2 protein chains.
Amino acid sequence: MKVTLIGGNGFGKLHGESYKQLGIEFSVYDRNLEVLEYYRKNYGVKNVFDNIEDALHSDSDMVDIVLPHKMHREISIKAMELGKHVIMEKPIATTVEEATEIIEASVKNNVKFMVAEQYNFDPSLNKAIKLVNENKIGKVHTIIVRDQREYKKTGWRSKKDQMGGGALIDGGIHYIETILDIGGDYRKIDSYSYHGGSSLEGEDTTVALFHFVSGSHGMFFYSWAYRDFPRLPSYEIIGEEGSIYEDVQSRPQEEFKSMTGIRYVYGNPVLNGEKVEIHKEDVFNLEIKGFIDSIKSNTEVPYSHNKAIRNLKAILDIYRRGD
Amino acid sequence: MKVTLIGGNGFGKLHGESYKQLGIEFSVYDRNLEVLEYYRKNYGVKNVFDNIEDALHSDSDMVDIVLPHKMHREISIKAMELGKHVIMEKPIATTVEEATEIIEASVKNNVKFMVAEQYNFDPSLNKAIKLVNENKIGKVHTIIVRDQREYKKTGWRSKKDQMGGGALIDGGIHYIETILDIGGDYRKIDSYSYHGGSSLEGEDTTVALFHFVSGSHGMFFYSWAYRDFPRLPSYEIIGEEGSIYEDVQSRPQEEFKSMTGIRYVYGNPVLNGEKVEIHKEDVFNLEIKGFIDSIKSNTEVPYSHNKAIRNLKAILDIYRRGD
């Protein structure tokens, strides 16, 4: 399997680390020559491209797209038409129409396609959901999901037209994934997205209430405009007979930087007041290896298109509600 | 000043403790003879009444009403017509009409009236609000207020018709006070109140979004149906240039039971990441002494009727929205 990473900066580096750890040959495109130099030096990549057309036309079997959200459709479809399998950073696109075109292109060109949603692979959250499904806390009545940080993004991640929005469609989509994975389908969202104190053009803070088909209710908070924030549980699941919430102490101190070098998202679940120990696994390696395995065995990709579109739709529902 | 405490059980005991600490003579009515014995033994009260009419007709200057919410109007108006000043546990009443009748009766009978909302006197929260008003965190964009517990109430506090609702109109009203004290007037609330796993007939959990006239947004959570809950900040105030949230470590381990015996509500504020030390004061003594002083000096009561009605209206707004 030969891979070309399209966009080496930022999260591209986290993907690059996975290819190295998984022993997979890869080349890199970036318009920034210093970024290319970083890959040559740190990962010994043979081929680097500063022209995206050359990168797309190279002899790789798959491309890994880490570009501004607004470019997802154009570049992914171009790659698929060249016969490449495509993995792509979230969000799938900035509109459902774009997303649908991407999925249709993968069918038409008979290539695998997957959104890289590493939160889907988080062992702690998956354990928490398993505990709910095993009825350890009775019927769930309330789910609280939140994350907060102070971000002063520049470049395309501060531009509303490149992002398709603001903080929510960028980092917030992971927490939308989390609340929907726990809560399931919703019948209604009450929400507001607005601008607090960040460098973004678009919104940087969202508050929302989810009303799930199951009858349970969700509270959601995501912000890039919270200075000197406390570290608080990212998820709480409250049932008629018990509760599960994230233990903040066992969360990596910095995002994806655990003491052991294994990259994961959430601290261990606390079930009915007792910490549950989790076998940690690297979420980036899981998603990339899972995708490559699905290509090799021609099976379903491990992260479904339905979930990628579900998350985007929820975000667009929230944006439509506006302020 | 001679006081009759009408309803000695539960929170009545916390009021009784204040009369003792403030050196104020008081007598007690309760229908439960064991409760009366408790007061005779622990507080050396001379007069006890197991008949409410006798208690109301005694020679006290003021009565302190700690009865089921649904009885507030009848008993308080009866006391006022007998010329007694009245302090009364929250909520003021179960409807705005009842509340208005009570206030009108205090004017007509020329007696002082006040709702005992001890959270209004909490020195930590008042310091936090002062810091916001001193512009220490810039324009506030988000306020998060929450509290959770597992309560298995029996007796009248489990009965919807006696409570005028469920957990929100009972304990939750304090946190409504908090979010409205921070956020000010609201233009709209999105909310749901519903039943989780408690012993209540009525709702035991509320999720709400407040949209304030100032432009800021509030998230609110209150539940009596959260087993094995984590201890989390009760309030977070997020501004464009900083933040203030409650330090959980300096909150009393149990409600109103601090190590020093001084009864207060919230831990110290954390302003822009740094703990702010607060001179602790007893919230029950402050409210009762404040009310008695206003009688003696014939000045305004220290907790306004407007706030008592404001809180009730917000709760009824939330209940109207229903589920």
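When residues of the range A:207-229 are filtered for being of a type in the set (Ser, Thr, Tyr) and assigned to a strand (DSSP E or B), how many remain? Working first, answer last.
Just the residues of the range A:207-229 that are of a type in the set (Ser, Thr, Tyr), to begin with: A:214, A:216, A:222-223, A:226.
Keeping just the survivors that are assigned to a strand (DSSP E or B) gives A:222-223.
So the answer is 2.
The conditions of being assigned to a helix (DSSP H, G or I) and more than 25 Å from residue A:308 (Cα to Cα) are not met by residue A:19. Selection of the range A:239-249 for residues being among the polar types (S, T, N, Q) and surrounded by fewer than 19 Cβ atoms within 10 Å (Cβ to Cβ) yields only A:249. The set of residues in the range A:93-124 being open to solvent by less than 20 Å² (accessible area, probe 1.4 Å) and closer than 14 Å to residue A:63 by Cβ consists of A:102, A:105, A:106, A:111, A:113, A:114, A:115, A:116. Scanning the range A:207-218 for residues that are under 22 Å from the mean Cα position of the chain (by Cα) and either of a type in the set (Val, Ile, Thr) or open to solvent by 10 Å² or more (accessible area, probe 1.4 Å) (or both) yields one hit, A:207. Scanning the range A:124-147 for residues that are touching a helix residue (DSSP H, G or I) at 6+ places or on another chain (Cβ under 7 Å) and within 16 Å of residue A:186 (Cα to Cα) yields A:140, A:143, A:145.
Looking at this structure, is residue A:129 more than 14 Å from chain B (Cβ to nearest Cβ), hydrophobic (A, V, I, L, M, F, W, C), part of a helix (DSSP H, G or I) and more than 19 Å from residue A:315 (Cβ to Cβ)? Write out each step before concluding.
Numbers: more than 14 Å from chain B (Cβ to nearest Cβ): yes; hydrophobic (A, V, I, L, M, F, W, C): yes; part of a helix (DSSP H, G or I): yes; more than 19 Å from residue A:315 (Cβ to Cβ): yes.
Taking the combined requirement at face value, the residue satisfies it.
Out of all the residues in the range A:53-62, is one or more within 30 Å of residue A:310 (Cβ to Cβ) and out of contact with any Lys or Arg (no Cβ under 8 Å at 6 or more places or on another chain)? Scanning the range A:53-62 turns up no residue that is within 30 Å of residue A:310 (Cβ to Cβ) and out of contact with any Lys or Arg (no Cβ under 8 Å at 6 or more places or on another chain).
For the range A:182-206, filtered to residues that are more than 10 Å from every other protein chain (Cβ to nearest Cβ) and in a loop (DSSP other than H, G, I, E, B), the residue that is surrounded by the most Cβ atoms within 10 Å (Cβ to Cβ) is A:203.
When the criteria are applied in full, residue B:270 meets the requirement of being within 11 Å of chain A (Cβ to nearest Cβ), closer than 23 Å to residue B:142 by Cα and either open to solvent by less than 50 Å² (accessible area, probe 1.4 Å) or in a strand (DSSP E or B) (or both).
Among residues of the range B:18-42 being open to solvent by 40 Å² or more (accessible area, probe 1.4 Å) and touching a helix residue (DSSP H, G or I) at 6+ places or on another chain (Cβ under 7 Å), the one that is farthest from residue B:281 (Cα to Cα) is B:20. Total residues in the range A:222-238 satisfying the condition of being within 7 Å of chain B (Cβ to nearest Cβ), on the phi < 0 side of the Ramachandran plot and surrounded by fewer than 24 Cβ atoms within 10 Å (Cβ to Cβ): the figure is 5.
Mind telling me which of the residues B:107, B:111 ends up being among the aliphatic types (A, V, I, L, M), touching a residue at least 24 places away in the same chain (Cβ under 8 Å), more than 14 Å from chain A (Cβ to nearest Cβ) and farther than 30 Å from residue B:227 by Cβ? Lay out the reasoning, then the answer.
Working: B:107 fails: touching a residue at least 24 places away in the same chain (Cβ under 8 Å).
Sole residue among the options that is among the aliphatic types (A, V, I, L, M), touching a residue at least 24 places away in the same chain (Cβ under 8 Å), more than 14 Å from chain A (Cβ to nearest Cβ) and farther than 30 Å from residue B:227 by Cβ: B:111.
Rundown of residues vs (1) under 29 Å from residue B:26 (Cβ atoms); (2) open to solvent by less than 50 Å² (accessible area, probe 1.4 Å); (3) away from every other protein chain (no Cβ under 14 Å), yes/no style:
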| site | (1), (2), (3) |
| --- | --- |
| B:251 | no, yes, no |
| B:256 | yes, yes, yes |
| B:259 | yes, no, yes |
| B:275 | no, no, no |
| B:285 | yes, yes, yes |
| B:303 | yes, yes, yes |
| B:315 | no, yes, yes |
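For the range B:289-301, filtered to residues that are open to solvent by 60 Å² or more (accessible area, probe 1.4 Å) and not in a helix (DSSP H, G or I), the residue that is farthest from residue B:185 (Cα to Cα) is B:297. Selection of helices (runs of 4 or more DSSP H) fully inside the range A:22-101 by the criterion of at least 1 residues being within 22 Å of residue A:303 (Cα to Cα) and at pLDDT below 95 returns nothing.
The values are calculated or read from the model by the stated rules, or taken from the named source; none is laboratory data. None of these values were measured; they are calculated from a predicted model. Methodologically, a virtual Cβ is constructed for each residue, glycine included, from the backbone with ideal geometry; neighbour enumeration extends over all protein chains shown. All accessible areas refer to the heavy atoms of the entire protein, side chains included, with ligands and DNA or RNA removed. Shrake-Rupley method; radii C 1.70, N 1.55, O 1.52, S 1.80 Å.
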